[in-house]
Amino acid sequence: MAKIKHNNFLDTVNDVFTDAIDEGILHLYAEGESFNGRTIGLKNRNLFHFGTTGYLGLEQDHRLKDAAISAIHRYGTQFPLSKSYISNPLYRQLEEKVTEMYNHPVVITKNSTLGHLGVIPSAVRDEDAIILDHQVHWSVQSAAKVLKLRSVPVDMVRHNDLNMLEDKIKTYSNTRKKIWYMADGIYSMFGDFAPVKELKELSLKYPQLHLYFDDVHGMSWTGKNGTGYVMSEIDELSENMLLFGTLSKTFGASGSVLVCSNKKLYQEIKTFGGPLTFSAQLEPASVAAATASAEIHLTSEIYELQNDLKSRIEYFNKLVKQTDLPLVDRNRSPVFFIGTGMPKTGYNFINRLMNEGFYVNLGMFPAVPVKNTGVRITISRHNQRQEIKALVDAMAYHLPKAIEETHTSLRRVYEAFRLDPKTTKDTWVNSDLKVQIETSISGIDKNTWNELVGTSGVQDYDGLKFIEQTFRNNELKEHIWDFWYIIIKDEHAHPILAAVLSSSIWKDDMLANLTASKVIEEKRHANPYYMTSKVLSLGCLFTEGNHLYVDEKHARKKDAFNTVMQLMERLEKSSDSMMLVLRDFNDNQEHHTYFLGQGFVRIQMPNSCKIDLKPNESIEDYISNLSTRSKKHFRKDIEAYKDSLHISVMQNLNNIQIKQVHQLYENVRKKNLGLNTFSYPLVLLTNMSKNPYWEFIIITIPEEPNKIIGVMFCYKNNNKIYVPSLVGMDYDYLDQYQTYRQLLYQTIKRAIEVNFKQIDFGMTASFEKRKLGATVEEKFAYIQTSDNYTLELLGLLESK
């Protein structure tokens, strides 16, 4: 069975972060003897600060500073006791002030991460279910996923997708007591809002629905008493809602606050909330500063501060609107995101802005999909109008430069974020390269193709011609595939790069872990197209191996790569594909770095196996050269059964035999959820039987000569490569006759008989193939998507 080796989440993040660190834009240290909020010292320069989350500038307010200093003098730097025993004397006043702000009971926590870890396991019972917005903050996701250990279902919906949420509610309504939906009030990267009013309406329609909001980025700058965005959207915090605000960020101090109108639940959380009980309490300075901030929030001054910030936000919006800058979400929050698309464009853009005297944040994976890298800008009361204008002018000037230097285009950026472009102008990089693109292999020279791409698998000229004919004009949409063949040449007509691409419907969990596929397949009994998407990929669902030729020594190699990337993005859009997958690569660091910079995430595929055969070698010679251990395996598990079986190699099958071997193939496919695909149509096997390049290795037993118990579907590549492409078995006979092992041996024997130079065994059962002398190679795929929801499904973000 094929197994996807899912990368540890930290490995993927490490790749992305290391790239950004090497570019000098992450893990920096601020410089200087003081900090005023307006500028920040970096790399021996003072930069205008457009990366703060202190939107109202309260962290620099003298009243908060004075309160903190006074508290340290009176109570010390910390109050080293658990709050379960004794709280710092300053806590009582803070709790009273914040309760007055919200007009609901509150629990003060050390920070929001510990707060979520304390509250979520306490509020959610074993009989409940959790549904996460896939962009909800990491701290919420991390706390929620702890409950999987208590068998609480933790599901996910696409960002702000209320239709998908309602479907999930219906799914859990008959089996779960409460259904918790967890979301941010304002999302920290794009600055967009949760549909709070609509969610409250949905909770009235489905009383089981409970809402859990993290509104730390909505705090202070909006709402009555600065209580945040969520409170500004509702009249009253109902008992089926829990709300987290912050005492840090724009509140100006430190800590976090849970607001809970359900008195019973409030007492349970306050009495014993895990980390809330055992972790250290806020330092006296933080409590005092937070109390001073709460006092400001309870006066009309908070509205003066809000309006002051609002005018700066409106000014920024007005300036950006006059440019072609790809603003991802135009809103009234202080958080904005200018898309760059590819990470390397983001790095270039950030460094250009820093050189111009502006500090902004890089928005990058895993906070956003790799393909949706960009610049996060925050507007605060520290920012003066002249520097806001200077920043917008600098961005309008430098983004086109960054785009040009990283060989992309503004149109590609707009398309990455599914924005309507303000301009139709687009430029092809490397237009002097000659690009041939065909929708049928018949438009490509056969000899050229076989020399470049046709060196492995079924992707030689005749193999692709066969696949084209098979996967067109079929009844089911999953059996209708589109193809593109690309050859890029230099000015002397020398090929630099060649590739075959296809677009078809994939199961979203094709590369996901086995457990996810089992759950999803249950739901496909009612809806076969549940969680399926159009995907543009190198190769197609029927091919394995090398689908991309690159002249690694050519001086224009990188230009050719950049050109094919633009082509693939255009094809992705024109084919309505939701994801781009580049498959079956070896562990090549140069390719890995390039694809990472282009917005791809790497996953490890099942290992690939092949056998190189010697000229004029007999099967006996081949077996004699195996290791002692492998020869023992051959004698015990293969040779011992040969005389009990009838082996034949057939070029053509009758209709009865075709139906038999199709069922055997289906037996194997249904067991192989580790690489979950749609079934192939019966016409595939019919066409194989008519095609001179295909043959079938058939196993029957003498007592039932018409009953096929095993079959290997083998393709004869024009480059003398033997390709066992599919296998079929009757599992009732598997242990009795060691059918699979016998098929592997008979495949090797047949390849030697027809004097082929290599066997391309592909990506399944590497352990069994290695015992018969196959060499094993690691294979990787690169996935590019504008949706981290897909990566969650694939297991790449499962440790979030």
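The values are calculated or read from the model by the stated rules, or taken from the named source; none is laboratory data. Only a predicted model underlies this, so the values are computations on that prediction, with no experimental measurement involved. Every residue, glycine among them, receives a Cβ derived from its backbone with ideal geometry; neighbour counts consider all protein chains shown. We work out accessible area using only protein heavy atoms, side chains counted, and drop any ligands, DNA or RNA first. Shrake-Rupley method; radii C 1.70, N 1.55, O 1.52, S 1.80 Å.
Out of Glu778, Glu703, one residue alone is open to solvent by 10 Å² or more (accessible area, probe 1.4 Å), out of contact with any strand residue (DSSP E or B) (no Cβ under 6 Å at 6 or more places or on another chain) and more than 23 Å from Leu653 (Cα to Cα). It is Glu778. In the stretch 478-493, the residue that is farthest from Tyr680 (Cα to Cα) out of those that are at pLDDT 95 or above and open to solvent by 60 Å² or more (accessible area, probe 1.4 Å) is Asp482.
Residues that are within 30 Å of Arg602 (Cα to Cα) and assigned to a strand (DSSP E or B) within the stretch 360-402 comprise Asn361, Leu362, Gly363, Thr373, Gly374, Val375, Arg376, Ile377, listed in sequence order. Exactly one residue out of Gln746, Gln738 is under 13 Å from Leu645 (Cβ atoms) and in contact with a Phe, Trp or Tyr (Cβ under 8 Å, 6 or more places away or on another chain): that is Gln738. Of the strands (runs of 3 or more DSSP E) lying entirely inside the stretch 135-241, those carrying at least 1 residues that are in contact (Cβ under 8 Å) with a residue 40 or more places away in the chain and more than 25 Å from Met364 (Cβ to Cβ) are 179-184, 209-214.
Candidates Asn355, Asn351, Asn361: the one that is open to solvent by 20 Å² or more (accessible area, probe 1.4 Å), closer than 17 Å to His27 by Cα and out of contact with any strand residue (DSSP E or B) (no Cβ under 8 Å at 6 or more places or on another chain) is Asn351.
Taken over the stretch 189-215, residues that are open to solvent by less than 30 Å² (accessible area, probe 1.4 Å), among the aliphatic types (A, V, I, L, M) and over 25 Å from the mean Cα position of the chain (by Cα) amount to 5. Figure legend. Inter-residue proximity from the stretch 634-659: first residues over 15 Å from Gly728 (Cβ atoms), second residues in a helix (DSSP H, G or I) and open to solvent by 100 Å² or more (accessible area, probe 1.4 Å), beta-carbon distance below 8 Å, spacing 6+ or different chains. Indicated pairs: Asn652/Lys690.
Entry remark, the stretch 233-251: residues being under 33 Å from the mean Cα position of the chain (by Cα), surrounded by fewer than 24 Cβ atoms within 10 Å (Cβ to Cβ) and of a type outside the set (A, V, I, L, M, F, W, C) number 3 in total.
Pairing residues of the stretch 84-108 that are free of Cβ contacts under 8 Å to residues at least 40 places away in the same chain with residues that are outside any loop (DSSP other than H, G, I, E, B) and not hydroxyl-bearing (Ser, Thr, Tyr), at Cβ distances under 8 Å and at least 6 apart in sequence or on separate chains, gives Glu95/Val106; Glu95/Ile108; Thr99/Val106. Pairs are defined by a Cβ separation below 9 Å, a sequence spacing of at least 6 or placement on different chains, a first member in the stretch 543-556 that is over 19 Å from Tyr461 (Cα atoms), and a second member that is β-branched (Val, Ile, Thr); the pairs so defined are Asp551/Ile496; His554/Ile496; Arg556/Ile488; Arg556/Ile496. Within the stretch 12-41, restricting attention to residues that are in contact (Cβ under 8 Å) with a residue 12 or more places away in the chain, over 30 Å from Phe600 (Cα atoms) and not in a loop (DSSP other than H, G, I, E, B), the residue that is least open to solvent (accessible area, probe 1.4 Å) is Ile40.
Listed here are the residues, each with its yes/no results for (1) in contact with a strand residue (DSSP E or B) (Cβ under 9 Å, 6 or more places away or on another chain); (2) open to solvent by less than 50 Å² (accessible area, probe 1.4 Å); (3) over 21 Å from Asn474 (Cβ atoms).
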site: His633; (1), (2), (3): no, yes, yes
site: Tyr641; (1), (2), (3): no, no, yes
site: Asn655; (1), (2), (3): no, no, no
site: Gln663; (1), (2), (3): yes, no, no
site: Tyr680; (1), (2), (3): yes, yes, no
site: Leu685; (1), (2), (3): yes, yes, no
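Considering (1) more than 37 Å from the chain's Cα centre (by Cα); (2) open to solvent by less than 10 Å² (accessible area, probe 1.4 Å), the lone condition that Gly54 does not fulfil carries the number (1).
For the stretch 432-459, how many residues meet the condition of being over 32 Å from the mean Cα position of the chain (by Cα) and either open to solvent by less than 20 Å² (accessible area, probe 1.4 Å) or over 19 Å from Asp551 (Cα atoms) (or both)? Even if it seems obvious, please write down each step before you answer.
The first filter runs over the stretch 432-459 and keeps only residues over 32 Å from the mean Cα position of the chain (by Cα), leaving 432-434, 441-451.
Narrowing the set further to residues that are either open to solvent by less than 20 Å² (accessible area, probe 1.4 Å) or over 19 Å from Asp551 (Cα atoms) (or both) leaves 433, 441-444, 449-450.
Number of matching residues: 7.
What about Asp308, is it crowded, with 16+ Cβ neighbours inside 10 Å and either in contact with a Lys or Arg (Cβ under 8 Å, 6 or more places away or on another chain) or farther than 25 Å from Arg92 by Cα (or both)?
Numbers: crowded, with 16+ Cβ neighbours inside 10 Å: no; either in contact with a Lys or Arg (Cβ under 8 Å, 6 or more places away or on another chain) or farther than 25 Å from Arg92 by Cα (or both): yes.
Criteria not met by Asp308.
Would you confirm whether any residue within the stretch 689-701 is over 37 Å from the mean Cα position of the chain (by Cα), touching a residue at least 40 places away in the same chain (Cβ under 8 Å) and closer than 23 Å to Arg770 by Cβ? Yes, because at least one residue in the stretch 689-701 is over 37 Å from the mean Cα position of the chain (by Cα), touching a residue at least 40 places away in the same chain (Cβ under 8 Å) and closer than 23 Å to Arg770 by Cβ.
Output the number of the condition that Asp559 fails; it satisfies all remaining conditions of (1) buried (at least 17 other Cβ atoms within 10 Å of the Cβ); (2) free of Cβ contacts under 8 Å to residues at least 40 places away in the same chain. All conditions pass for Asp559, except number (2).
Confirm whether Val429 is surrounded by fewer than 19 Cβ atoms within 10 Å (Cβ to Cβ) and either at pLDDT below 95 or out of contact with any Ser or Thr (no Cβ under 6 Å at 6 or more places or on another chain) (or both). Taking the combined requirement at face value, the residue satisfies it.
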